[in-house]
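Each value in this text was obtained by applying a stated rule to the coordinates, not by laboratory testing. Since we're looking at a predicted model, the values are computed, not measured. Here the Cβ positions follow ideal geometry from the backbone for every residue, glycine too, while neighbour counts run over all protein chains shown.
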Amino acid sequence: MASRELRNQLVQLHELILLERQYAKSFSMENLLATSQEKEALLQQLESVSEAGPEIRDLAETVKRENRRNAYLFWSTLKFVRESISFFNRQVTQTSYGAGGTLISQGNRGMVLAGRV
């Protein structure tokens, strides 16, 4: 009986991970947040699969692989957003030269994040 419940939990977790990826791709942030919270709650209830049969361990491995795909998607998206913000911040920063010929950056950093652009 416990084996069946564990399998059902893993199937549900797999479905949540796939939904999470779809919501991330479509920028559906409300659904992504709700799915992530549901996934986190399910993970806290999940039992160990180390003593489970080979079918359940294979399913757990699939879940692990899909979750890593999502993690890579989120990591690469975050990296892209950080690089974009950095690029735009460099574009709005005014540079000038001081009396001694040294480069002086004006204090306009963070305009994109502050919503002043």
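General remarks:
- Order of V11, V49 under a 10 Å beta carbon neighbour criterion, fewest first: V11, V49
- Relative contact order (percent, whole number), region 2-114, Cα cutoff 8 Å, 6+ residue spacing: 22
- Added length on full extension, which subtracts the Cα-Cα distance from 0.36 nm per residue, S48 to F27: 4.3 nm
- Rg ratio (alpha-carbon, reference 2.2 N^0.38 Å) - region 1-79: 1.15
- Computed from the C-beta positions of L103 and V81 and an R0 of 25 Å, the FRET efficiency is 0.35 to the nearest 0.05.
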